[in-house]
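Peer 1: One structure, as structure tokens, below. Some questions next.
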Amino acid sequence: MQRTLVLVKPDGVQRGLVGEILRRLEQRGLKLVGLKMMQISNEVAARHYAEHQGKPFYDGLLAFITSGPVVAMIWEGREAVSVVRSLMGTTDPLKAAPGTIRGDLALDLGMNLIHGSDSPARAETEIVLFFSHGELHDYDRTIDRWIRE
Ligand code: DAT
Ligand code: MG
């Protein structure tokens, strides 16, 4: 079963949208296997956004993601990575489709509420960066037989 990292970014925490975002992922049928509130350090932020180093928005991005607490979650399910990406909407909320988290709840590229891993390989790296083994939960959900054939 695939797993993916989701962050409710500092803007989502400040705007009181943690529950709304969690609800959307949970109601889709994805399974929550890790959850915590944390302040991202500069070191973790730099590793997490290493692919953007050198871009004009990099310094602002690091300042933003470390500016306040985030809620980090690990979600599990079939094709969890792409399912979460589609629920999020495109990076720029102005272009994100209505019905998506960014398309419904955000307006600004820098304040786009949510991070989700963009590939299964990246998900594995990001999960290890944010969660220790003991923080991930293996459990059965009885409702899964009504979600998966
Ligand atoms: P995503 O968060 O959809 O995976 P990304 O990995 O390309 O998008 O970029 C990471 C974050 O950086 C993104 O959520 C918002 C910010 N960002 C991306 N492109 C930007 C740009 N051109 N100007 C300002 N911020 C940008
Ligand atoms: Mg990305």
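Peer 1: Could you give the length gained on full extension between Asn42 and Ser82, defined as 0.36 nm per residue of separation minus the Cα-Cα distance, in nm?
Peer 2: Here the answer is 11.6 nm.
Peer 1: Restricting attention to the alpha-carbon atoms of region 22-108, what are Rg (one decimal) and Dmax (integer), both in Å?
Peer 2: Taking only Cα atoms of region 22-108, I get Rg and Dmax of 14.3, 38 Å.
Peer 1: Another question, if that's okay. From the gyration tensor of the Cα coordinates in the chain, what semi-axes in whole Å does the equivalent ellipsoid have, largest first, with each one equal to sqrt(5λ)?
Peer 2: Three semi-axes, in Å: 24, 18, 14.
Peer 1: Below 21 Å, Cα to Cα, which lysines can Lys36 reach? Residues fewer than 8 away in the same chain don't count.
Peer 2: Lys36 reaches Lys9.
Peer 1: Quick check: the angle from helix 120-130's long axis to the longest principal axis of the chain, C-alpha only, nearest 10 degrees?
Peer 2: So the helix axis and the longest Cα principal axis differ by about 70 degrees.
Peer 1: Would you calculate a helix-derived [θ] at 222 nm for the chain, using -39,500 (n - 2.57) for each DSSP H run of n ≥ 4 and dividing by the full residue count, to the nearest 500?
Peer 2: -10000 deg cm²/dmol
Peer 1: With the contact rule set at Cα under 8 Å and sequence spacing of 6 or more, what percent relative contact order holds for region 38-149?
Peer 2: About 20 percent, as a whole number.
Peer 1: On a 0 to 90° scale, report how tilted helix 18-28 is relative to the longest principal axis of the chain, with both axes built from alpha carbons and the result rounded to the nearest 10.
Peer 2: 40
Each reported figure results from applying straightforward, stated rules to the coordinates on display, with no laboratory input. Everything quoted here is computed from the prediction, not taken from an experiment.
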